[in-house]
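Scroll down for the structure; my scribbles are underneath it.
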Amino acid sequence: MLQSLWYSDRFRSWIMQIALLGALLGLLYWIAGNTITNLAERGIRTGFDFLAHPARFPISESVVHYTPSDSFLWAFVVGVANTLWLSVITLVLATAGGLFLALAQLAKHPLLSRLAVGYVTLFRNIPLIVQLLFFYGLATSVFPAPRDAFEPLPGVFLSLRGVYAPGLVMGAGGGWVIAASIVLLLVTIWLGNRRFRDVSLVRRIPSFVGIWLVGTVIIGWLADVPLHLESPVLHGLNFRGGMYLSPEFAAIVVGLALYTTAFTGEIIRGGIEAVGKGQWEGGRALGLWDRQIMFRIILPQALRIIVPPMTSQYLSTVKNTTLAVAVGYPELGLVVNTVINQTGQALESIMVMLGVFLTVSLTVSLFMNWFNARIALVER
Amino acid sequence: MGYKLKLAALCLPVAGMLFAMSAQAATTLETVKERGRLICGASQGTPGFGAPDDNGYWRGLDIETCRAVAVAVLGDKDAVDFVPLSGQQRIPALQTGEIDILPRTLTWTLQRDANGINFTQPNYYEFTGFMMPKSLGITRVEDMAGASVCVQTGSTTEVVVNDVSTKHKLDLQPVVFDNTSAARQAFFSGRCDALITDAGALASTRASMAKNPDDYIIFPATPYVDALTPAVRQGDDQWMDIVRWSIQALIAAENFGITQANVDDMLQSKDPRIVRFLGVDPGNGTSLGLKDDFAYQIIKALGNYGEIFDRNVGKDSPLKLERGYNALFKDGGMMLPLAFQ
């Protein structure tokens, strides 16, 4: 009985699997235990209770409101918000830029296609960090000091400290108006797409925008929120008020977008070129123009090839945002570094960063996988 | 490979780990002696405090503090390896045992002290300062309203910027950088109106990076003085004592009037305290686990605190800093010699 069990392949493989799993769990247990003992031995505090303490350090710019009296947890939130903001803008710019670049490379115009090829070669082969430092150096050296700022348009100032422009300022309750406006936009698109499916998209968009604009104005009028245009004014050493674009943010967005565009462009070009020549010939035989063939026949098919490599490109772009520390833009990495230094809670802060990036990456890849499944060739 | 062999191969690393767990951790003194080198955390380049010279030889006040410990423990001022560390790297590097001592313009703060490191003996006192171009016509903090300030992370100055801004209602605009040189370059390119860090490091930056050092003014950001203090890992009292008394030896020597030049003559001194200090009377060094003449060896190799100060940051250096707070206690400063007995 026992002997037959011993010589059973099934039994043996099960035993091996269980032993391996046990060894793995044991190793994890040992690492965790060892870490805790060593931390205690070296007198390093552990735990997440520091998250509630006031952070006390400044963050130079943020898309959500932050003051140094907020907690460390909120400082992390600010870092995450900045990282996401940076990622979204970069991905949108790089995707649009990549499509343009791919079309330019495939264009029959020799100057355009060669320029595009030159662009790809240049930006793909220079390390990203060097490009970022270059753009940052450019942003902080070509413009004059705030006192002698350029004023290309009234109220718009270009200086070493960035770009200041007049901005709309809303009084109390402005957030609700914006929220209502966003809801209105979503409802318009959802209802419009359901009811007017047969109207072409190009004709639908202007009426959507019209309805949304009129609706927003009505909401603003009903809510009676004070609204005025604020111009930046030179006050003390710097401009105050209005909209502001910092050289740090400009450098990281321009640098990341230009760099990523070189890669997305190649991915899209590869996808387009992989679609069979017969598709072009078929389109021409039907009497379609080249532009129609490209956007109605080739690109939809190319999308299936483009999406998987594009997913990994998106993921690496999100991770590349951490290089923003080099030019002083406060994304999550910079905030985590600062928190580690202020509190000494390195392990916990790194775990927060790991958790955030894991979540963001998984979300991006889940979305892309869903998109990929949607556009995949349905075989019957 | 037979599968019994495979199993054995699998067991080997596990057994190795169990063995490693049971092995007793050696003290820092034993580790350093066995290695024959002291490993010291250094800055990424602050001339006067810690930076390699043209020949790649590390020089500076903090560097010589490390060399003093190397002389005390290993009898050789060059038996030191310097590891350049950024502001955020330095404390984890010390905690994890990558370096033995951290003498890198590190402010002694409660949070740091409570959290895994021990401070030994201040080797430099100073205020946190702002550096600004003189052309802006600002000479004190109260007039800095709206100024943008270049800050480097990994320092206590991030909090100081906020404290100052709140206290005087200045609405300072910080631009925070991950590394020192980026913050300094941004300041000199005009991205910020001011640069904030320890006044000594500001003087060093001005002397080494400004086209014309006289165009820049440095003034205190707060009325408070910080104690920059070499730190060691928590939990090794003997090592903390060794570092503390090696630094003390430099200060005590200056107090006794012992210099690199006259240390040999001082061995014949009639003052029992000096004779005890230099190890002619036995007992001091061996109590720490060192040779009895460790203080003599340090002074013979490096000179006293005053000589080190003058050569690196004081009157014989490009920085030309005053002794100020860093004068001996008897000259109105804060360098207090303790009793070598």
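The values are calculated or read from the model by the stated rules, or taken from the named source; none is laboratory data. Model, not experiment: these values are computed from the prediction. All Cβ positions, even for glycine, are placed from backbone atoms using ideal geometry, and neighbour counts span all protein chains on display. Note: areas computed on protein heavy atoms with side chains; ligands, DNA, RNA excluded. Shrake-Rupley method; radii C 1.70, N 1.55, O 1.52, S 1.80 Å.
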Item checked: Criterion: more than 18 Å from A:Ile340 (Cβ to Cβ) and touching a residue at least 40 places away in the same chain (Cβ under 8 Å) - qualifying residue of B:Ser189, B:Ser155, B:Ser135, B:Ser165 -> B:Ser135
Note to self: If A:Thr311 meets every condition in (1) within 14 Å of chain B (Cβ to nearest Cβ); (2) within 17 Å of the chain's Cα centre (by Cα) apart from one, which number is that one?
What the structure shows: (1)
Check: Is there a residue being closer than 26 Å to A:Gly155 by Cβ, modelled with pLDDT of 85 or more and more than 12 Å from chain B (Cβ to nearest Cβ) anywhere in region A:226-247?
Finding: yes
Checklist line | Check on B:Arg112, in contact (Cβ under 8 Å) with a residue 60 or more places away in the chain, facing chain A (nearest Cβ under 8 Å) and touching a Leu at 6+ places or on another chain (Cβ under 8 Å) | finding: yes
Notebook entry, point to check: In region B:233-267, which residue that is within 14 Å of another protein chain (Cβ to nearest Cβ) and open to solvent by less than 40 Å² (accessible area, probe 1.4 Å) is farthest from the chain's Cα centre (by Cα)?
Noted result: B:Asp236
Note to self: open to solvent by 90 Å² or more (accessible area, probe 1.4 Å), more than 14 Å from every other protein chain (Cβ to nearest Cβ) and among the basic types (Lys, Arg): which single residue out of A:Arg124, A:Arg147 fits that description?
What the structure shows: A:Arg124
Notebook entry, point to check: When the residues of region A:158-170 are filtered to those that are in a strand (DSSP E or B) and open to solvent by 30 Å² or more (accessible area, probe 1.4 Å), which remaining residue is nearest to A:Leu323 (Cα to Cα)?
Noted result: A:Val163
Notebook entry, point to check: Within region B:133-165, can you find the residues that are more than 10 Å from chain A (Cβ to nearest Cβ) and charged (D, E, K, R)?
Noted result: B:Lys134, B:Arg140, B:Glu142
Check: So A:Thr264 fits all but one of (1) within 14 Å of chain B (Cβ to nearest Cβ); (2) in contact with a Gly (Cβ under 6 Å, 6 or more places away or on another chain); what number is the exception?
Finding: (1)
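Take the residues in region A:308-325 that are small (Gly, Ala, Ser) and open to solvent by 20 Å² or more (accessible area, probe 1.4 Å); name whichever of them is farthest from B:Gln89 (Cα to Cα). Steps first, answer last, please.
Keep residues of region A:308-325 that are small (Gly, Ala, Ser), which gives A:312, A:316, A:324.
Cutting the leftovers down to open to solvent by 20 Å² or more (accessible area, probe 1.4 Å) gives us A:312, A:316.
Values: A:Ser312: 30, A:Ser316: 25 Å.
The extreme case among them is A:Ser312.
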Note to self: Just checking, does region A:288-307 include any residue being under 20 Å from A:Leu256 (Cα atoms), open to solvent by 40 Å² or more (accessible area, probe 1.4 Å) and more than 14 Å from chain B (Cβ to nearest Cβ)?
What the structure shows: no
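Sort through A:Leu103, A:Leu138, A:Leu133 and tell me the only one that's of a type in the set (A, V, I, L, M, F, W, C), at pLDDT below 95 and either open to solvent by less than 60 Å² (accessible area, probe 1.4 Å) or in contact with a Leu (Cβ under 6 Å, 6 or more places away or on another chain) (or both). Walk me through it before giving the result.
Numbers: A:Leu138 fails: either open to solvent by less than 60 Å² (accessible area, probe 1.4 Å) or in contact with a Leu (Cβ under 6 Å, 6 or more places away or on another chain) (or both); A:Leu133 fails: either open to solvent by less than 60 Å² (accessible area, probe 1.4 Å) or in contact with a Leu (Cβ under 6 Å, 6 or more places away or on another chain) (or both).
The unique qualifying residue is A:Leu103.
The rows are residues; the columns are (1) loosely packed, with under 11 Cβ neighbours inside 10 Å; (2) modelled with pLDDT of 90 or more.
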{"site": "A:Leu25", "(1), (2)": "yes, yes"}
{"site": "A:Ile44", "(1), (2)": "no, no"}
{"site": "A:Pro58", "(1), (2)": "no, no"}
{"site": "A:Leu73", "(1), (2)": "no, yes"}
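Open to solvent by less than 80 Å² (accessible area, probe 1.4 Å), under 16 Å from A:Glu348 (Cα atoms), hydrophobic (A, V, I, L, M, F, W, C) and more than 13 Å from chain B (Cβ to nearest Cβ): does that describe A:Ala32?
Values: open to solvent by less than 80 Å² (accessible area, probe 1.4 Å): yes; under 16 Å from A:Glu348 (Cα atoms): yes; hydrophobic (A, V, I, L, M, F, W, C): yes; more than 13 Å from chain B (Cβ to nearest Cβ): yes.
Yes.
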Checklist line | Per-region count, region B:166-187, residues within 20 Å of A:Ser246 (Cα to Cα), open to solvent by 10 Å² or more (accessible area, probe 1.4 Å) and facing another protein chain (nearest Cβ under 10 Å) | finding: 8
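Can you tell me which residues in region A:184-208 are surrounded by fewer than 12 Cβ atoms within 10 Å (Cβ to Cβ) and in a helix (DSSP H, G or I)? Step through it out loud before you land on a result.
So in region A:184-208, the residues surrounded by fewer than 12 Cβ atoms within 10 Å (Cβ to Cβ) come out as A:186, A:190, A:194-195, A:197-198, A:200-203, A:206.
Answer for region A:184-208, where residues must be surrounded by fewer than 12 Cβ atoms within 10 Å (Cβ to Cβ) and in a helix (DSSP H, G or I): A:Leu186, A:Trp190, A:Arg194, A:Arg195, A:Leu201, A:Val202, A:Arg203, A:Pro206.
Residue by residue, here is whether (1) in a loop (DSSP other than H, G, I, E, B); (2) at pLDDT 95 or above holds:
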{"residue": "B:Arg276", "(1), (2)": "no, no"}
{"residue": "B:Lys291", "(1), (2)": "yes, no"}
{"residue": "B:Ile299", "(1), (2)": "no, yes"}
{"residue": "B:Asp310", "(1), (2)": "no, yes"}
{"residue": "B:Leu321", "(1), (2)": "yes, no"}
{"residue": "B:Tyr325", "(1), (2)": "no, no"}
Next item on the list: Search region A:161-176 for residues being under 26 Å from the mean Cα position of the chain (by Cα) and either of a type in the set (Phe, Trp, Tyr) or under 16 Å from A:Leu245 (Cα atoms) (or both), and hand back the single one that is modelled with the lowest pLDDT.
Entry: A:Leu168
Notebook entry, point to check: Given (1) closer than 30 Å to A:Tyr136 by Cβ; (2) within 14 Å of another protein chain (Cβ to nearest Cβ); (3) not charged (D, E, K, R), where does A:Leu347 come up short, assuming only one miss?
Noted result: (1)
Next item on the list: Any chance you could count how many residues in region B:299-316 are more than 14 Å from B:Phe49 (Cβ to Cβ) and touching a Leu at 6+ places or on another chain (Cβ under 7 Å)?
Entry: 2
Check: Which condition breaks for B:Ser86 when tested against (1) in contact with a Phe, Trp or Tyr (Cβ under 9 Å, 6 or more places away or on another chain); (2) more than 8 Å from chain A (Cβ to nearest Cβ); (3) open to solvent by less than 20 Å² (accessible area, probe 1.4 Å)?
Finding: (1)
Next item on the list: Would you check which residues across region B:116-132 are within 9 Å of another protein chain (Cβ to nearest Cβ) and open to solvent by 20 Å² or more (accessible area, probe 1.4 Å) and list them?
Entry: B:Asn118
Margin query: Looking at B:Ser317, B:Ser287, can you tell me which residue is of a type in the set (Ser, Thr, Tyr), crowded, with 20+ Cβ neighbours inside 10 Å and at pLDDT below 95?
Written below: B:Ser317
Check: Given the conditions (1) within 12 Å of another protein chain (Cβ to nearest Cβ); (2) exposed (fewer than 12 other Cβ atoms within 10 Å of the Cβ), which single one is not true for A:Asn38?
Finding: (2)
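Given the options B:Leu202, B:Leu195, name the one that is assigned by the TED database to the domain that holds B:Thr153, crowded, with 21+ Cβ neighbours inside 10 Å and out of contact with any helix residue (DSSP H, G or I) (no Cβ under 7 Å at 6 or more places or on another chain).
Working: B:Leu195 fails: out of contact with any helix residue (DSSP H, G or I) (no Cβ under 7 Å at 6 or more places or on another chain).
Criteria check complete, one pass: B:Leu202.
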Checklist line | Unique residue being more than 30 Å from A:Ala179 (Cα to Cα), out of contact with any His (no Cβ under 6 Å at 6 or more places or on another chain) and within 14 Å of chain B (Cβ to nearest Cβ) when the list is A:Ala326, A:Ala250 | finding: A:Ala326
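Being at pLDDT 90 or above, touching a Ser or Thr at 6+ places or on another chain (Cβ under 9 Å), more than 30 Å from A:Ser60 (Cβ to Cβ) and in a helix (DSSP H, G or I) is true for just one of A:Met310, A:Met353. Which residue is that? If you could, list the steps in order and put the result at the bottom.
Details: A:Met353 fails: more than 30 Å from A:Ser60 (Cβ to Cβ).
Going through A:Met310, A:Met353 in turn, the sole match is A:Met310.
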Note to self: Checking the conditions here, which among A:Gly118, A:Gly173 is open to solvent by 20 Å² or more (accessible area, probe 1.4 Å), of a type outside the set (Asp, Glu) and on the phi > 0 side of the Ramachandran plot?
What the structure shows: A:Gly173
